[in-house]
Structure formats: C-alpha cells, structure tokens
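The values are calculated or read from the model by the stated rules, or taken from the named source; none is laboratory data. All figures in this text were calculated on a predicted structure; none of them were measured in a lab. Because the Cβ atoms are built from the backbone with ideal geometry, glycine has one as well, and the counts that use them run over all protein chains shown. Accessible surface is based on the protein model in full, side chains and every heavy atom, while ligands, DNA and RNA are left aside. Shrake-Rupley method; radii C 1.70, N 1.55, O 1.52, S 1.80 Å.
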Amino acid sequence: MAMTMTQKILAKHAGKSSVAAGELISAKLDMVLGNDITAPLAINEFKKIGAEKVFDNEKIALVPDHFCPNKDIKSAEQAKVVREFAKEYSIKNYFEVGQMGIEHALLPEQGLVTAGDVVIGADSHTCTYGALGAFSTGVGSTDMAAGMATGELWFKVPDAIKVVLSGRPAKYISGKDVILHLIGMIGVDGARYMSLEFTGESIGYLSMDDRFTIANMAIEAGAKNGIFPVDEKTLEYIREHSKKPYEIFEADSSANYARTVEINLSELDFTVACPHLPSNTKPASSLKDIKIDQVVIGSCTNGRIEDLRVAAQILKGKKIADGVRCIVFPATQKIYLQAIEEGLIQTMIESGAAVSTPTCGPCLGGHMGILAKGEKCVATTNRNFVGRMGHTESEIYLASPAVAAASAVAGKISTP
Amino acid sequence: MILKGRAHIFGDNIDTDVIIPARYLNTIDPKELAMHCMEDIDKSFKDNVRQGDIIVAGYNFGCGSSREHAPIAIKGSGISCVIARSFARIFYRNAINIGLAILECDEIFTETKSGDLLAANLASGEILNEASGKSYRCEPFPEFMQEIIAAGGEIEYIKAKIKKGSGLKI
C-alpha cells in the first residue's frame, strides 16, 4: 500500500511492512528529549513506573534551556532535579549551562538526530528535526516518561498535507516567510493531527537552516510533524554533524494526501504574523506604521548562524532606533562562537543590540526580555498568543530575522 | 461514569499559554498551577470554578506548547471534563495520559450558556444539558485509549503491562 514519507518511517519503527492513516501503532524510539520545564514532571512520572533504569542512556537528551541559566529559585530547583536525574541514570546527553543550547538547534548540531529516526520530545517544537528527514513530534511529560522507561510509544498514524514549493525566493525571503505564509493559508489548526510533507522543485533553494525553521513551526498549524525529503544538502549536513547511521525514506509517488497546498516562493512577500495568532499573517509592507519597543532575534525557530548573519548584515554600520531594545540570542554555544569569529557579534553590539547566552528566555515569557503593558515586539520566535512574552496587553509580531533587524533600525515594522 | 457540573464557556484556539502561563511553569505542583489556571483570559475563573464543573470550548482547544501542566492545572482547578469542538493533538494526548476526561462535540458549543448544568456520560458518549433538556451524542473513546483511561492513566497502564510481561523491557 502506498505510504507518505512519515508513514514509511513509522511502519519501519513499528516493525510493519505498511501502515495506514488512523492506525494505532507502537513504535521504537531513537531519541527522547526533555527540558528543564517538562523533564521534572516526566522524572516524577518515571519514578512512579518503578523502572530501575532508562531504556538506553544514549538515547535520552536533557537540555536545561527554558528558564536556564536559572532565572529564580524555583527554576533553579527544577534544573537541579534534571541534573541529578541525569547523574543518577548516567544520561549521556545532558547539557549543562556552558554546553547547553536551545534544544532544537542543539540536537541536530550535536548529531543526536538524523534521517529516518523516530524522535519524541517533551516540547512542542520537537517537530524541528523533520528538516533532516526524521519523524519527530512533541509530546507531554508522561509520554516522555513512558518513552524513557520503555523506548517505545503509541502513535496514531497521521494523514498528511503535501506542500509543494516552486519558484526561487527573492533576496532575504527566508524559511520563516514560507512557514508563516503557509500557516496564514491553512490556519492554526489547518494540519491538526496531520503531517506536513514538504516537496517540490524549490526544496533545493532552501538551506538547512531554512528547513529547520519551517519544520519547527509545523506545530503552529496544528501538525503532528513537518518533514522534508533528504537531498544532497541534508546529507552534507548529516555527514558534518553526525556519526549515527541514517536511513533515507521517500514518499511513494501514489501516496494518498488529504490535501495539496502549492506555494510559489518567487511570489512570497516578507510575512509577519500579527497578534494574537501565528495564522494572522500580513505582508510586512502593509504594517509600516506600527511603532515597536523591542526586537527579539533568536529562539529554536530562528537563532541559527544564517539567522545571525542576515541580522548582522542588516545592522552593519547602523544603530538600533532610539527607544527600541534589540536582544539577540544565539541558539547554541557553537553558533555563538562562530558568530564571534565571523564578527557578527561585534557588529550587533556596535549597533546597540544586547547579546545573550543561549536560552529560550523571552520567547515563552520566561526571562531576558519580558514585555510591559501596551508594548509591541517584533520577534523571530514562534508564538504570539496573548501574554506569551509578558503582559496580556503586550503585542508580538512574528517575523524573519531580516524583518526583525530592519525593524530594530527603523523603530517600526520595516523590511530590509 | 457520569460527570456532572456547571458549564464554563471558552472560545476557539484556547492555547496552553492562557491555560497556564509559562511564568508559572517553575513548579509541577497541581494546586499551585490551578491557582493560575486561565488567569490571562478569565481572571475570575479560579474563584468561580467548583469541583466537578465542565469546560465547554470551541475549535482547537489546547493548541500551542506541549506543557502537561495545562491539563494538570485544569484538573487541579476542579474541572471534571473538557468538551470542545476539537482539540489540539498534544493536549488531547496529555489529557488522557493524566486522566482528565475530554469529549469532542460540535453542537453543544453553540447551544450551551455559562452556568448550565451538564451531565456527561463517558461510557456512552452522551451529554445532557439539564438546563435546556437537550442531549447530545459524541464519539466515545477508541478502545486503545479506553484501556489507558481504565488503567488510570498512561503510567498505570504501562505498569500493568509490565506486570503482565507483555514484552516491554525495563
């Protein structure tokens, strides 16, 4: 029976020759992820199971990135729970502050996830690794606990939406514009319970960083996962970062899709998601009178080296507008160091931006850039829900690093 | 099992950030989480909610983050069941895993007023609005999920499976 790419990966991990949409299966896991917010709850549940050890201490990753470096005493206590669990159960992939990066930038960079894997993470943006041709999806803490104990988890095999990309994107049009445009087209529940399978002649124009951004925000359309075919760029990335064996899966040409969506990248505008839903998208050019108080460049969505390069290019020789706070979060220590070596950090600091150690920080209203009542922020993050970044009467405009940097200089929503 | 309580009405796309804002995620204590449940969308919710009450909501309830703290906060506040036109995927899983009853029903949303007394029969999938006298039928849980709920959540389900020696390694 013809299968989508996602269905093929799930069938393989369930030990079946084929699976169909709607089928309930139990699949073997190649990686189980948790962070300082979700892992403490998972550890609690794990201990209730009474397991003496984890299923595989090399297939669990614990990344204290959300409220770390510890933002307050309670957060410090939670981070401690994770640290002590990692020690007690000899978890190989525990990343202490100093090695820690934002989990969804860190795991691919460390080579812990690769093509053909099945990955679960107690974080909704775990869908990021679909960029590598893996099936990866966000789950809750109890599922993470079950995964850590048994190395397996039940899944309902998803149906899929095929997203066909054509045309060549204009300069500075990025993966963020592609995914925001798509969410605007299909809505925040447009892909609910489904896979988003990206395909088409233009995949080759998208860098790996673009693909990570696109797969990362599949959840913002309600999707179970987002996934890209494996091509030369993917293999180059995998060879550079990972020693893990990988497997390439391809969707059958006759696979059944619930729907096909076509996007011509050559016609894409700089796209901004206005408050308070990621689907509330508008061309950036139509929002030029909106004055802003803060710009955030970073997160698991857009804190990678290409994102910082684009931002630095736009900020070079310019000043952040008076009254605007521009805060940059390189997503990992390696990206941070590379940005220093390339002179990007110097450019940013000279322009008046603040540069932070890696953390999810303000993206979820944790710390390092919380908004006051009435303030407006352009952010390269992934959600603009009510109160997400601070006061319930603050506003978040989601955009690409190019739009964010241009807006920081202009003091209002702007394009490069 | 029949769950009976007053309706609290919410709209579409109720996200996990409003169910329990991230600023309170530095704890896993259900009572503490419940203190802040829905506060960014309805400040009076925590004072109005009574044990057994039922949330009735629109499409895509629980969208956004994977935080299990969201269904835990709802359950901790006394809510016995959430009835929505549809649920976001991760929230749906999390609710079942922690033993919060959830039912998908489209029609009831437009015909229920805040405070109406509802009775939801989980086994039959029938919901009665005692105020209007009208009853609604929704899809019962798939068998697989019924087993998890009958076991008292995913963790108990796994423990039972391990006891039976179903091949799961620990």
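In region A:19-46, which residues give up 30 Å² or more of accessible area once the other protein chains are added, compared with their chain alone (1.4 Å probe)?
Those residues are A:Leu24, A:Ile37, A:Leu41.
Leaving out ligands, DNA and RNA, and with a 1.4 Å probe, what % of the accessible surface on the protein assembly as shown is carbon or sulfur?
Summing carbon and sulfur atoms, their accessible area is 49 percent of the total for the protein assembly as shown.
When we measure straight from the Cα of A:Lys282, which lysines land under 30 angstrom away, once same-chain ones fewer than 8 places off are left out?
A:Lys162, A:Lys171, A:Lys176, A:Lys224, A:Lys291, A:Lys316, A:Lys318, A:Lys319, A:Lys373, A:Lys376, A:Lys412
For region B:1-135, how big is the tail of P(r) above 19 Å, as a whole percent of Cα pairs?
43 percent
What are the ³J(HN,Hα) couplings of region B:54-59, residue after residue, when phi is run through the Karplus curve with 6.51, -1.76, 1.60 and θ = phi - 60°? Round to Hz, x for glycine and proline.
So the J values, rounded to whole Hz, are 10, 8, 10, 9, x, 7.
Starting at the first residue of region A:23-36, write each ³J(HN,Hα) from the Karplus equation 6.51 cos²θ - 1.76 cosθ + 1.60 with θ = phi - 60°, in whole Hz, x for Gly and Pro.
5, 9, 10, 10, 10, 6, 9, 9, 7, 10, 10, x, 10, 5
Evaluate Rg over Rh across region A:38-95, taking Cα atoms for both radii and Kirkwood's formula for Rh.
Value, to two decimals: 0.97.
How much accessible area is lost when chains B and A come together, counting both sides, with a 1.4 Å probe, in Å² rounded to the nearest 100?
4000 Å²
Over the protein assembly as shown, with the other protein chains present, what is the accessible area per residue in square angstrom, probe 1.4 angstrom?
36 Å²
In vacuo Debye scattering of the protein assembly as shown, one point per C-alpha: log10 I(q)/I(0) at q = 0.05, 0.09, 0.10, 0.12 Å⁻¹?
Each listed q maps to, in turn, -0.19, -0.64, -0.80, -1.19.
Kindly point out, ordered by number, any Cys in chain B whose beta-carbon has no other cysteine beta-carbon under 4.7 Å away.
B:Cys37, B:Cys63, B:Cys81
Let a ≥ b ≥ c be the square roots of the eigenvalues of the Cα gyration tensor of region B:77-162; is it rounded (a/c under 1.5), or, if not, prolate (a/b larger than b/c) or oblate?
Prolate shape, in that a/c is at least 1.5 and a/b is the bigger ratio.
Going by a 1.4 Å probe on protein heavy atoms, which residues of region B:56-75 end up with at least 30 Å² less accessible surface in the whole assembly than in their chain alone?
B:Asn60, B:Gly64, B:Ser66, B:Glu68, B:His69
Could you give the nm distance between label points at A:Glu236 and A:Ser166, where each point is 7 Å from its Cα heading toward the beta carbon?
Computed distance between label sites A:Glu236 and A:Ser166 equals 2.6 nm.
Normalised by the residues of chain A, what does the relative contact order come to in percent, with Cα pairs under 8 Å and at least six apart?
Relative CO of chain A lands at 18 percent.
Could you please state, rounded to a whole Å, how far the C-alpha centre of region A:207-226 is from the C-alpha centre of region A:38-82?
Cα centres, region A:207-226 to region A:38-82: 25 Å.
Tell me, rounded to the nearest percent, the portion of alpha carbon pairs in region A:234-339 spaced more than 17 Å apart.
Looking at region A:234-339, the distances longer than 17 Å represent 74 percent of pairs.
For chain A, modelled as a Gaussian network with Cα springs under 10 Å, which listed residue fluctuates most, A:Leu132, A:Leu371, A:Leu180?
For chain A, modelled as a Gaussian network with Cα springs under 10 Å, the answer is A:Leu371.
Quick one: net charge around A:Glu267, please, counting Lys, Arg +1 and Asp, Glu -1 for every other residue with C-beta under 13 Å from its C-beta.
-2
With θ set to phi - 60°, apply the Karplus curve 6.51 cos²θ - 1.76 cosθ + 1.60 along region B:74-83 and write out the HN-Hα couplings as whole Hz, x wherever there is a Gly or Pro.
5, 5, x, 7, x, 4, 9, 7, 10, 10
Can you say what percent of the DSSP beta bridges in the protein assembly as shown, counting only those with both residues inside, are antiparallel? Round to 5.
Beta bridges within the protein assembly as shown, antiparallel portion: roughly 30 percent.
Which translational diffusion coefficient, to the nearest whole µm²/s, is obtained for region B:40-108 from the Stokes-Einstein equation, given a Kirkwood hydrodynamic radius over C-alpha pairs, 25 °C and 0.890 mPa s?
Translational D for this selection: 202 µm²/s.
Once each part is reduced to its C-alpha centroid, what is the distance from region B:25-57 to region A:304-374 in angstrom?
Between the Cα centres of region B:25-57 and region A:304-374 lies a distance of 36 Å.
Around B:Ser132, what is the net charge, scoring Lys/Arg as +1 and Asp/Glu as -1 over all other residues with Cβ under 9 Å from its Cβ?
Here the charged neighbours net out to -1.
List for region A:74-103: residues with 10 Å² or greater reduction in accessible area, all protein chains versus chain alone, probe 1.4 Å?
Checking the loss per residue gives A:Lys74, A:Gln78.
Roughly what % of Cα-Cα distances in region A:345-397 sit above 19 Å, to the whole percent?
So the portion of pairs separated by more than 19 Å is 30 percent.
Over region A:306-413, what is the relative contact order in whole percent, taking alpha-carbon pairs under 8 Å and six or more residues apart?
31 percent
Rounded if a/c is under 1.5, else prolate if a/b beats b/c, else oblate: with a ≥ b ≥ c from the C-alpha gyration tensor eigenvalues square-rooted, which is region A:310-373?
The shape class here is oblate.
How big is the dipole moment of region B:3-117 about its Cα centre under a simple scheme where the beta carbon of each Lys and Arg is +1, that of each Asp and Glu is -1, and everything else is neutral? Debye, nearest 20, please.
With only Lys, Arg, Asp and Glu charged at Cβ, the dipole is about 300 debye.
Between B:Asn129, B:Asn48, B:Asn13, find the one with the highest GNM mean-square fluctuation for chain B; connect C-alpha pairs within less than 10 Å.
Looking only at B:Asn129, B:Asn48, B:Asn13, the biggest GNM fluctuation is shown by B:Asn48.
Among A:Ala86, A:Ala134, A:Ile340, which residue has its Cα furthest toward the positive end of the charge dipole of chain A, with +1 on Lys/Arg Cβ and -1 on Asp/Glu Cβ?
With unit charges placed on the Cβ atoms, the residue in question is A:Ile340.
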